[in-house]
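Have a look at the structure below, then the notes.
The values are calculated or read from the model by the stated rules, or taken from the named source; none is laboratory data. On a predicted model such as this, the values are computed, not experimentally measured, just so you know. Glycine gets a Cβ as well: all are built from the backbone with ideal geometry, and neighbour counts include every protein chain shown. Ligands, DNA and RNA are excluded from the accessible area calculation, which covers all protein heavy atoms including side chains. Shrake-Rupley method; radii C 1.70, N 1.55, O 1.52, S 1.80 Å.
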Amino acid sequence: MTPPLPPVRVEKALALLPEIEALGPLRALLVSISRPDERSLWSSSGPYLTLGKRGVQPEELRRRMPQAFHVITEHLQTLYRAYVEALECQQRADGTGAVAALVRAGHGEERVGRLSQARAWYDVALRVSQALQDRRPEVESLRSLGELFLRLGQYAEGARHFQRALAIAEAEFDQTGAIAACEGLGDAALAQSQWTGAQAWYARGLRLATAGGDQRQIGRLERDLGVLARHQRELTVAGEHLRRARECFESGDAAEEMAGLLNTQGQLEAQLGRPQAASGAYREALAWLQRAPRDAGLEVTIRLNLAELHLEAGRFLDGEEEMRRAEQVAIAGNLPGRLAQIYTLMGKLRGRQLDETGFVFFEQAIELSRMLEPSPTTEAQVYVEYGLFRERLGQREEARAYLERARELYGSVGDAADRRRVEAELEKMTA
Amino acid sequence: MSRVVPNGSPASPPAAPRKEETQVLRILAVGAEGGGSGGLLHGIRQWVGEGGVEIEAAPDLPRAVRQLGTGRWHVVVAVLGDHADDDLAWWVDTLRGATAAPRLIAVAAGPSMGLVLRAEKLGVLDVLSLPVRREDFLRALRRARPITEAAVTLPVVEPHAVGQYALVGQSAAMLDVYRLVARVAPSTATVLVQGESGTGKEVVARAIHINGPVSSGPFVAVNCAAIPENLLESELFGHEKGAFTGAVMRKIGRFEQAGGGTLFLDEIADMSLALQAKILRAVQEREIERVGGTDTIPVDVRLIAATNRDLKDAIKQGRFREDLYYRLAVVLIRLPRLGERGDDLLLLTAYFVHQFAARYGKQIHAISDRALELLRNHAWVGNVRELRNVIERAVIVATDEVLRAEHLPEEFRGEEATLPDRPEGALLTLAEVEARHITRVLAHTNHQIGAAAEILGIHRNTLTRKMKEYGL
């Protein structure tokens, strides 16, 4: 009997796959079915295992290909149906319905990570909505575009869309639209470290939501204010906002919101130097997540926070275990950007152990942050930690080169706060 | 070379057993109130009576997590929902983070054999089928109760220190290794260390370096399997500035870094044939070239290579150069598996317990008979590395001076689990044996159905049908 052939390494499998968008679902499938080589789990390279070193069986890929076809067909069906629905609405002179269908298609594209395609749908929706008498669809289109730009890291552009949405919503007495626009403006300001602006927008949104009495909206804005206060290191204020947000969500049994909130609560507890409470909050966040529709991104975030908590406490074994769990979730959920964050943290862990081979995690993270929809912000974050890793090992020249690259990347996306942070590190290194 | 001298012997007198029989068993029943669970909570309260058991209820997982954070719990009885597999994974993950690692009794409507096997692997105490029968529940609970365990005192081990590592063991197989290391170390001969993962190849390499003529020089280790293939060459030989995108400055490779010392190439079988050729040239001619460079740089290193593969087999398959093999295997040291080292297991356990107890500020002097038996019965695929890992985790969770079975990972304890709806001690049914064997073979073939079917000697369609039938 011939023994089974060894699996092909993912790094080799991906090298065979051209960077064509149509092959995206195949790439996602390949990554999601990859497994660590059983033989390597306890080998000395086991602790350094990254996505590239996992193995994939061509036979399994062939067998599972119908899954990829199913995903493609389902996605195309969603888009085609949305278009036909928009067309039928047009025929019935129902502009509002047409815009809603187009926006829905855009959301569908966003869900599978096709952000530029989503923008194309929203642009059409906006154009159609601008010809309508009812201006609420225009608010909805602008809001979708605003959120998309924030996701793309184009904060100023996002804020511009939310501003327009707010102006129209207020003129049309569209309270829901106005609240959402305020929240979006707050998010844009927060992302650019403009604390005063963020405070003003969230507070305005909260006033509107309180007047409307929608507990979920109130809860969201209280949570936003809590997040902001945490960034400003006003920890007591943050705790108060989070407590109020929790009351709102608990009364509505909003599982996903509860998970997000408890994650923030965990971060706050960690900042307050209460690791036990932080760990409890993260664990509870994960438990709420189990009841919500699967959100792999949020799960990875919570697990990474938990891992970081272990890392700070010097509990490397627990930290690594949590990171490996996050890795599993990110691989199964096809989240290459999040994988880059996970590997960055793993590299940081190795740096703490003064383990030079930890550089393999940063190299893998850089590669992942450049895959398909490249994210300069993620890449910059990797370079910052890579630089600090090199510095910890006494390799100052390399450390400086990586930090300079991070500064350059932050500059290219207009992230002034992080750029300053990197400059401070560089100055520290010179001193 | 100094030998390992255990001051205590494996047959040391048992440590005093702890008195835990009187301890109140705290049970948290989750999702057991009404609904699909058919009032399980009410049943549990009646079945356990009042003596020595404390029961609380939580409606769902999030609320249970909050309650688990309020103190020490021994058992969680969780009613799994429609997605039992998913629920089970969440529960196991949650309990891992809880204080004192409570055991899980999962309750599901018509659990499949696959669910039961997965639960067993995850260390779940039992999977009970709804409606739960009194005797099944009480049987599961009996196994959850902490029992009085006899314990043996851990011997004090004086290892042969190798930097921050140590050689521990006095089995015949290890004594052979020590003798060979002592003979080869004083020379500058190239050495190939062969052994399964986790058998201590790097420790042996360090021992050779420390006891050799270049001990004052650096010991540089490179893990060839850990480094991405496209970076390995520059990692080994270095590169000049601008040699490729990302080569922002000149880099000195590991061969040069190891100058005047030892270069340890771990997992050498994972190297591409092209790179093997360059290593061969470096070994033969004692000179290298940096990537993108033109100068030839002389290197003066002692080379030690290691592998967990059978290199002769790799040569036959054309994946390893024969000439390189003979250059590396001037002296060949084969390391034994942990399973072949007899009572070294106890010595290593003792050594790691003392090491980690010191690190985590614990006082642990003994190991219970049951824990030791579980360690002895384990397959140890990862050999000493796996044992070290298991002991570190056990020391972290241990609360008194005896290391017990409950401190070992869930999967160790899972090995004791029994299938549901079957009286304790009863033999397995044919279907149960078949399901377990299929699971093992699938794991062995990395879930390749074709290969698994071939090993099992059945058609792949039959295998697929059986997998579906057993819920695997």
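Things to note:
- When the surface is traced with a 1.4 Å probe over the full set of protein chains, B:Glu410 keeps roughly 40 Å² accessible.
- Anisotropy class of the protein assembly as shown from Cα gyration tensor, a/c 1.5 cut: oblate
- Probe 1.4 Å - accessible area at A:Thr196, Å² to nearest ten: 120
- Nearest-10 value in Å² for the accessible area of B:Tyr165, using the 1.4 Å probe: 80
- When B:Phe244, A:Phe69, A:Phe389 are compared by accessible surface with a 1.4 Å probe, the order from highest to lowest is A:Phe69, B:Phe244, A:Phe389.
- Averaged over B:220-229, number of beta-carbon atoms from partner chains that fall within 10 Å: 6
- In chain A, taking the dipole from charged Cβ atoms about the Cα centre, the farthest positive-side position among A:Phe149, A:Trp121, A:Gly319 is held by A:Gly319.
- Taking other residues whose beta carbon is less than 12 angstrom from the beta carbon of B:Ala443, and scoring Lys, Arg as +1 and Asp, Glu as -1, yields +4.
- Entries of B:Lys121/B:Lys468; B:Lys201/B:Lys312; A:Lys12/B:Lys468; B:Lys251/B:Lys278 with Cα pairs more than 21 Å apart: A:Lys12/B:Lys468
- Relative contact order (percent, whole number), region A:285-375, Cα cutoff 8 Å, 6+ residue spacing: 22
- Where A:Thr78, B:Thr294 fall by accessible area, highest first, once all protein chains stay in place (1.4 Å): B:Thr294, A:Thr78
- Cβ-defined net charge surrounding B:Glu229, 12 Å radius [Lys, Arg +1; Asp, Glu -1]: -2
- Largest first, the residues B:Lys251, B:Lys241 sort by 1.4 Å accessible area into B:Lys241, B:Lys251.
- Per residue, the average separation of C-alpha pairs within less than 8 Å and at least 6 apart gives region B:61-139 a relative contact order of 29 percent.
- Distance in nm between pseudo-label sites at B:Glu434 and B:Ala379 (7 Å out along the Cβ direction from Cα): 2.2
- Inter-chain Cβ neighbour count for A:352-365, averaged per residue, equals 2 (cutoff 10 Å, partner chain atoms only).
- Only Cα pairs under 8 Å and 6+ residues apart enter the sum, and on that basis the relative contact order of chain A stands at 8 percent.
- Residues A:Arg63 and A:Gln163, FRET efficiency given R0 of 60 Å [Cβ-Cβ distance, rounded to 0.05]: 0.70
- Here the label points at A:Glu408 and A:Arg294, each 7 Å from Cα along the C-beta direction, are separated by 4.0 nm in the simple model.
- Cut-off under 5 Å, modelled amide H: who pairs with B:Phe320 long-range: B:Ile315
- 11 Å beta-carbon shell around A:Gln199, net charge (K/R +1, D/E -1): -1
- Net dipole in debye of region A:1-120 [+1 Lys, Arg Cβ; -1 Asp, Glu Cβ; about Cα centre; nearest 20]: 340
- For region A:371-431, a/c is not less than 1.5, where a ≥ b ≥ c are the root eigenvalues of the C-alpha gyration tensor, and a/b does not top b/c. That puts it in the oblate class.
- Rounded to the nearest 20 debye, dipole of region B:286-405 from Cβ charges on Lys, Arg, Asp, Glu: 180
- Among beta bridges identified by DSSP and lying wholly in chain B, the antiparallel ones come to about 25 percent.
- When only the Cβ of Lys, Arg, Asp and Glu is charged (+1, +1, -1, -1), the dipole of the protein assembly as shown relative to its Cα centre reaches about 1200 debye.
- For chain B, the 222 nm mean residue ellipticity estimated from helices alone, with every DSSP H stretch of n ≥ 4 adding -39500 (n - 2.57) and the total spread over all residues, rounds to -12000 deg cm²/dmol.
- Cα gyration tensor category, rounded, prolate or oblate, for chain A with a/c compared to 1.5: oblate
- Based on DSSP H segments of at least four residues, each scored -39500 (n - 2.57), chain A has a per-residue ellipticity at 222 nm of -25500 deg cm²/dmol.
- Given charges at Cβ of Lys, Arg, Asp, Glu: chain B dipole, positive-most of B:Ile268, B:Gln355, B:Asn389: B:Ile268
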